[in-house]
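The values are calculated or read from the model by the stated rules, or taken from the named source; none is laboratory data. The shown structure was predicted, so the numbers you read here are calculated from the model rather than taken from an experiment. Every residue, glycine among them, receives a Cβ derived from its backbone with ideal geometry; neighbour counts consider all protein chains shown.
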Amino acid sequence: MSAFPSIFRVRQTFERPRVADIPGQVRQELEKLRLEQSIKPGQSVAITVGSRGVANIHIIAKAMVDAIKRLGAAPFIVPAMGSHGGGTAEGQRTVLASYGVTEEFCGCPIRASMETVVVCQTAEGFDVHFDRQAFGADHVVVCNRIKPHTDFVGDIESGLMKMMLIGLGKHEGAKVYHRAIQDYSFGQIVRSVGARVLESCRIVAGLGIVENGYDETAAIVGVGPREFEAREKELLVLAKMLLAGLPFDQAHLLIIDEMGKNISGTGMDTNVVGRKFLSHRAAPEEFPKVKRILIRGLTEATHGNASGIGLAEFCTRRAVEQTDIEMTRINCLTAGHIAAAMLPLDYPTDRAMLEAAIPTIGMVEPQDAKLLWIHNTLELSEVECSAAFWDEAAGRSDLEILSDPRPLPFDAAGNLPQGGVRALAAKNEHVRA
């Protein structure tokens, strides 16, 4: 009797709208807003770029810069990422560089600072913080991906409105707003602060980005300041429709090769793994329902920020060693999500981690465990599945079986391939006999 289930690979099919000409689409969308009526030659324009791993963000940022330059104005980029990058200006500049967003590539200055201006107070009675560099500009263009939030549910979740609060509020603003969310609803705070920012901070335009289930740019939409809330609601509906997920609704074990802030605000997207409302299990109406999550490591682009690792039960020792504890705690305390910084049980090898996890799933023989193995929560088109899923997979038209069942590919040291699911595909080990 094997101590582990055998695995096979499936390919999922998702809807795949794509923007063919990204710079052209950015230019077209901004031209629709007739920015020349507001932005005059010589004026300064702050353009926001956040910390999430938005597909093609360097190309989008450069296209925005080029569009502003065509108006004769002087654009500059502002890191808009709350407390990310360790809550330092240089750390945030480094995050942008890891995405290819540099002064050389984009052709404009990057003005990174953690200083804010208190521009006013909300009706609830707390200060509204705004990035000092952006507040000093003649105009601000807000750019962000629109997608389901990892913690909150509503008709507005993660997007342009949130960028005006958390992103441009920097560390000080993010701390205030996340504290306020403990007393009020997320929707109320987003609308309350967003309205004051739109009134007081010279927001001239927004650029909303939606991605498909293959982590590709599906839509780019220019949005006028008065349309932020209405258009974001529409784009969130599209984003939810295109969101990729796991191929099955129930699993005993989920192995994730990598997690990080460039993947999701919680390192792994809670909308994908089923931990949006509770830290270690799915809520009654929430799917998928995954009993144990196992983390193999962090992405290089997360720079040690392991926010969200506390949602997993098991991890490798390597993942702990890759974690910048102080940076992770700053981010999680700022967000008011303390459990997200707590470390799982860690083990020296992948084999040891699995050996510890399997007995905790219940009265299931190891070879019968329902195991899913993904590279990260953005790359879900191909998933390794245990043999317990074979019959269901064979009967579904939306799944293509790519391999016969085979043993988990541990090396002599007891580890899975360094590149995980991605490495198996590169070796063509998924081809059926």
Q | Breaking point among (1) at pLDDT 95 or above; (2) surrounded by fewer than 18 Cβ atoms within 10 Å (Cβ to Cβ), for Ala357 | A | (2)
Q) Within the range 22-29, is there a residue that is closer than 26 Å to Asp215 by Cβ and either at pLDDT below 95 or crowded, with 23+ Cβ neighbours inside 10 Å (or both)? A) yes
Q: Please go through the range 403-429 and pick out each residue that is over 28 Å from the mean Cα position of the chain (by Cα) and either within 22 Å of Phe14 (Cα to Cα) or among the polar types (S, T, N, Q) (or both).
A: Ser403, Asn428
Q: Inspect the range 76-98 for any residue being over 27 Å from Leu378 (Cα atoms), surrounded by 21 or more Cβ atoms within 10 Å (Cβ to Cβ) and touching a strand residue (DSSP E or B) at 6+ places or on another chain (Cβ under 7 Å) and give the result as yes or no.
A: no
Q. What single numbered condition from (1) without any contact (Cβ under 8 Å) to a residue 60 or more places away in the chain; (2) assigned to a helix (DSSP H, G or I); (3) within 17 Å of Leu380 (Cβ to Cβ) fails to hold for Phe287?
A. (2)
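Results for (1) in contact with a Leu (Cβ under 7 Å, 6 or more places away or on another chain); (2) not aromatic (Phe, Trp, Tyr), shown as yes or no for each residue.
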{"position": "Ala341", "(1), (2)": "no, yes"}
{"position": "Glu355", "(1), (2)": "no, yes"}
{"position": "Gln367", "(1), (2)": "no, yes"}
{"position": "Leu372", "(1), (2)": "yes, yes"}
{"position": "Glu379", "(1), (2)": "no, yes"}
{"position": "Glu392", "(1), (2)": "no, yes"}
{"position": "Gly395", "(1), (2)": "no, yes"}
{"position": "Phe410", "(1), (2)": "yes, no"}
{"position": "Lys427", "(1), (2)": "no, yes"}
Q) Of (1) within 18 Å of Ile293 (Cα to Cα); (2) within 28 Å of the chain's Cα centre (by Cα), Ile330 satisfies all except one. Which? A) (1)
Q) Across the range 334-343, which residue is nearest to Asp257 (Cα to Cα) among those that are touching a helix residue (DSSP H, G or I) at 6+ places or on another chain (Cβ under 8 Å) and in contact (Cβ under 8 Å) with a residue 40 or more places away in the chain? A) Ala340
Q. Which ones in the range 11-39 are out of contact with any Leu (no Cβ under 8 Å at 6 or more places or on another chain) and among the basic types (Lys, Arg)?
A. Arg16, Arg18, Arg27, Lys32, Arg34
Q) Only one residue in Lys291, Lys261, Lys276 is buried (at least 20 other Cβ atoms within 10 Å of the Cβ), within 20 Å of Met81 (Cβ to Cβ) and among the basic types (Lys, Arg), so which one is that? A) Lys261
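Does Gly419 satisfy being under 26 Å from Gly245 (Cα atoms), out of contact with any strand residue (DSSP E or B) (no Cβ under 8 Å at 6 or more places or on another chain) and either not assigned by TED's automatic domain parsing to the domain that holds Gly304 or not hydroxyl-bearing (Ser, Thr, Tyr) (or both)?
Details: under 26 Å from Gly245 (Cα atoms): yes; out of contact with any strand residue (DSSP E or B) (no Cβ under 8 Å at 6 or more places or on another chain): yes; either not assigned by TED's automatic domain parsing to the domain that holds Gly304 or not hydroxyl-bearing (Ser, Thr, Tyr) (or both): yes.
Yes.
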Q) What strands (runs of 3 or more DSSP E) completely inside the range 344-416 contain at least 3 residues that are touching a residue at least 60 places away in the same chain (Cβ under 8 Å)? A) 371-374, 382-386, 399-401
Q.
Can you pull out every residue in the range 157-194 that is part of a loop (DSSP other than H, G, I, E, B) and either surrounded by fewer than 18 Cβ atoms within 10 Å (Cβ to Cβ) or under 16 Å from the mean Cα position of the chain (by Cα) (or both)?
A. Glu157, Gly159, Tyr184, Ser185
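Out of Arg70, Arg34, Arg27, I need the residue that is in contact with a helix residue (DSSP H, G or I) (Cβ under 6 Å, 6 or more places away or on another chain), among the basic types (Lys, Arg) and farther than 30 Å from Ala306 by Cα. Which one?
So the residue among Arg70, Arg34, Arg27 that is in contact with a helix residue (DSSP H, G or I) (Cβ under 6 Å, 6 or more places away or on another chain), among the basic types (Lys, Arg) and farther than 30 Å from Ala306 by Cα is Arg27.
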Q: Check Val153, Val101, Val128 and return the single one that is farther than 17 Å from Val49 by Cβ, assigned to a loop (DSSP other than H, G, I, E, B) and in contact (Cβ under 8 Å) with a residue 24 or more places away in the chain.
A: Val153
Q | Residue identified as surrounded by 21 or more Cβ atoms within 10 Å (Cβ to Cβ) and in contact with a helix residue (DSSP H, G or I) (Cβ under 7 Å, 6 or more places away or on another chain) among Val101, Val117 | A | Val101
